[in-house]
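The values are calculated or read from the model by the stated rules, or taken from the named source; none is laboratory data. Note that the coordinates shown come from a computational prediction; the quantities given were computed from them, not determined experimentally. All Cβ positions, glycine included, derive from the backbone under ideal geometry; neighbour counts span all protein chains shown.
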Amino acid sequence: MKLQKASSFALYAVLELAGDPTSQLSGTEIADKYGISAHHLAKVLRDLGRAGIVEAARGVGGGYRLAVNAKRLTLFDVIQIFEPIGPQNAAEEDPELSTDAGCALRMVLDELDDHALATFRSITISTMLKLMARRPWAGSSRFAKAPRRAASHR
Amino acid sequence: MTTTIISGKARGIHIRPAVNLDLSGLVALDAEVTGLAKRTYWKETFARYGARRRLPRFLLVAEHRGRIEGFIIGEVRAWEFGEPPCGWIFAVQVRPKTRLKGIGTQLFETLCDAFRHAGVGKIRTMMARDNQLVLSFFRSQGMMAGPFIELEAALD
């Protein structure tokens with residue numbers, strides 16, 4: 001499963017801000033750390049601000065800080081701002097999904113969506129911080145860094 | 001970035017194995033949480049988990065000033081689904097008014113210690129996927145999805 005870029009950027013920002021609630025971070029600082037577009041992240045932070053999840057501090061040294069309790073904020077709360085999660089009622093838009101084959105396929109896909117929904121709803125930002133501290137993926141080849149692509153001359 | 005580990009232990013909470021005198025307190029606590037007084041169920045649970053101390057079965061209670069504020073139930077099961085012995089957690093409950101004070105975490109950690117002492121190195125549980133409260137609790141304790149998928153079917 002892959003999240004849309006805006007959702008991932010939002011989660012990176014929220015995790016950064018929740019990791020040190022006493023400090024404020026600018027969008028550029030966060031973007032630099034993750035190597036992502038500062039312009040895109042600025043838009044994401046504005047959306048998070050409108051949703052009441054982060055708040056901007058004005059003035060010199062201003063930046064963003066988390067506006068909610070990390071123990072109460074779930075992955076679902078953040079992701080659903082940027083993309084739909086869970087079973088969607090797609091039959092109205094796609095008539096073929098009302099056929100027997102379409103319904104059977106939707107049933108299977110809904111099962112996957114239900115699991116994703118339960119997962120995103122049950123994991124708080126605080127739990128994510130604990131997971132990051134534990135680093136259970138250390139040593140796992142599945143999470144190994146992808147090698148940087150060398151310039152191709154072909 | 002510095003990460004914050006949020007945890008804590010409730011003050012004055014004593015975690016211990018349940019004894020027969022706890023039966024009424026457990027029935028009352030369960031009734032407060034679920035809205036159902038299940039005395040027969042709890043008598044059977046005591047017979048299975050409270051009395052047989054030689055088996056790796058655990059019914060632990062969290063006591064504060066003589067009152068039961070929570071409980072957790074688990075046992076070691078071996079070779080279910082072809083898996084070596086592991087600790088199963090069947091139930092955890094904390095009185096609603098005393099939640100968010102670390103009682104559930106203390107119960108969980110004490111049960112994990114008991115499982116370790118019994119020689120197992122893995123714990124498992126299963127719950128309804130819409131039970132966000134308990135699911136979030138186990139997630140916050142570091143539990144992740146395991147290698148099994150639960151399936152069911154209606155019998156015609």
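When we screen B:Phe81, B:Phe148 for residues that are part of a helix (DSSP H, G or I), in contact with a Phe, Trp or Tyr (Cβ under 9 Å, 6 or more places away or on another chain) and over 27 Å from B:Gly12 (Cα atoms), the only hit is B:Phe81. I'd like the full set of residues that are under 10 Å from A:Ile123 (Cα atoms) and more than 7 Å from chain A (Cβ to nearest Cβ), limited to the range B:129-143. Hits for the range B:129-143 are B:Phe137, B:Phe138.
Check whether at least one residue in the range B:60-67 is charged (D, E, K, R) and in a strand (DSSP E or B), and report yes or no. Looking through the range B:60-67, at least one residue is charged (D, E, K, R) and in a strand (DSSP E or B). When the helices (runs of 4 or more DSSP H) confined to the range A:54-154 are screened for residues that are within 14 Å of another protein chain (Cβ to nearest Cβ) and either over 23 Å from B:Arg139 (Cα atoms) or modelled with pLDDT under 95 (or both), those reaching at least 1 such residues are found at A:100-122, A:125-134.
The rows are residues; the columns are (1) without any contact (Cβ under 8 Å) to a residue 12 or more places away in the chain; (2) closer than 25 Å to A:Ser122 by Cβ; (3) buried (at least 16 other Cβ atoms within 10 Å of the Cβ); (4) small (Gly, Ala, Ser).
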| residue | (1), (2), (3), (4) |
| --- | --- |
| A:Gly52 | no, yes, no, yes |
| A:Gly63 | no, no, yes, yes |
| A:Leu66 | no, yes, yes, no |
| A:Pro84 | yes, yes, no, no |
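Being part of a loop (DSSP other than H, G, I, E, B), of a type in the set (Val, Ile, Thr) and at pLDDT 95 or above is the filter here; which residues of the range A:1-53 pass it? Those that are part of a loop (DSSP other than H, G, I, E, B), of a type in the set (Val, Ile, Thr) and at pLDDT 95 or above: A:Ile36, A:Ile53.
When the range B:119-140 is filtered for residues that are under 14 Å from the mean Cα position of the chain (by Cα) and closer than 18 Å to B:Glu75 by Cα, the ones remaining, listed by number, are B:Ile123, B:Arg124, B:Thr125, B:Met126, B:Met127, B:Phe138. With respect to A:Glu29, is the statement that it is more than 14 Å from chain B (Cβ to nearest Cβ), touching a residue at least 12 places away in the same chain (Cβ under 8 Å), more than 16 Å from the chain's Cα centre (by Cα) and over 30 Å from A:Leu109 (Cα atoms) true? Taking the combined requirement at face value, the residue does not satisfy it.
Selection of the range B:49-72 for residues being more than 14 Å from B:Arg16 (Cβ to Cβ) and in contact with a strand residue (DSSP E or B) (Cβ under 6 Å, 6 or more places away or on another chain) yields B:Pro56, B:Arg57. Selection of the range B:29-45 for residues being free of Cβ contacts under 8 Å to residues at least 40 places away in the same chain and either surrounded by fewer than 19 Cβ atoms within 10 Å (Cβ to Cβ) or not polar (S, T, N, Q) (or both) yields B:Ala31, B:Thr34, B:Gly35, B:Leu36, B:Ala37, B:Lys38, B:Arg39, B:Thr40, B:Tyr41, B:Trp42, B:Lys43, B:Glu44. When residues in the range B:105-128 are screened for being in a helix (DSSP H, G or I) and away from chain A (no Cβ under 13 Å), 12 of them pass. Checked against the criterion of being charged (D, E, K, R), away from every other protein chain (no Cβ under 13 Å), touching an Asp or Glu at 6+ places or on another chain (Cβ under 9 Å) and surrounded by fewer than 16 Cβ atoms within 10 Å (Cβ to Cβ), the candidates B:Arg77, B:Arg48, B:Arg57 yield just one match: B:Arg48. Scanning the range A:1-25 for residues that are of a type in the set (Gly, Ala, Ser), surrounded by fewer than 18 Cβ atoms within 10 Å (Cβ to Cβ) and within 14 Å of chain B (Cβ to nearest Cβ) returns a single hit, A:Ser23.
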